[in-house]
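Values in this text are rule-based calculations from the coordinates and carry no lab data. Treat the numbers as computed from the prediction; the structure is a model and nothing was measured. When we count neighbours, we look across all protein chains shown, and the Cβ atoms used for this are built from the backbone with ideal geometry, even at glycine.
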Amino acid sequence: MFTGPPGSGKTSAVLGLIEAGWDYVSDDALLVRQVPPPGAAAAVHLRAGRILFSVTGATLDRFPALQPHAERRWQRAGKWVVNPAMLWPQRQVLSVQPAFLFFCQLREAEETQVLPLAATDALSQLMVNSPWLALDRETAAAHLATYRKLAESCYSFTLLAGRDVWYEPSRLAAYLTATDLVRLHCNHA
């Protein structure tokens with residue numbers, strides 16, 4: 001799961017990974033909930049909130065194969081929408097139990113960095129990125145419990161995307177191999 005403020009590289013990260021052969025759930029709109037499997041503790045699952053990706057013109061420039069499939073929807077925002085399934089059919093999955101959380105940031109550096117993040121710091125970041133905790137007091141406790149479970153059950157990282165990933169988005173996959181991420185997290189978090 002990739003999270004962060006607008007313009008932090010979430011959509012580009014996901015598109016780069018799809019281009020590298022990864023599956024995806026959604027862009028910007030995920031439904032996050034705890035699902036108790038029979039006889040086990042509740043697990044957090046992500047479901048797609050929509051199928052269309054919202055992209056800028058700069059993102060279309062970086063992913064030229066998407067251009068023929070993009071539609072201009074929000075003139076004022078300078079955004080386009082695109083359905084990645086038009087280019088990469090059969091890559092979308094409807095639901096997933098996440099194992100990793102990435103808090104995205106862009107940085108002025110040549111190389112991308114992936115830094116381990118403790119569960120408490122991940123929970124804090126999830127809270128900052130969620131308006132529901134402040135806007136809907138009736139459901140805030142349930143949201144907080146779900147975010148806590150997500151932070152506790154995932155390996156969390158700060159993803160500092162550098163120029164290497166900007167110029168070659170599919171290169172991000174090399175930084176995000178599961179074995180290397182688990183080892184990095186266990187050694188430093």
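So, A134, is that one in contact with a strand residue (DSSP E or B) (Cβ under 8 Å, 6 or more places away or on another chain) and aliphatic (A, V, I, L, M) or not?
Taking the combined requirement at face value, the residue does not satisfy it.
Identify all residues within region 34-56 that are more than 16 Å from V93 (Cα to Cα) and touching a residue at least 40 places away in the same chain (Cβ under 8 Å); write none if there are none.
Once the filter is applied, which keeps residues that are more than 16 Å from V93 (Cα to Cα) and touching a residue at least 40 places away in the same chain (Cβ under 8 Å), region 34-56 yields Q34, A42, A43, S54, V55.
Which one of these is farther than 17 Å from K10 by Cβ and of a type in the set (A, V, I, L, M): V93, V114, V82?
V93
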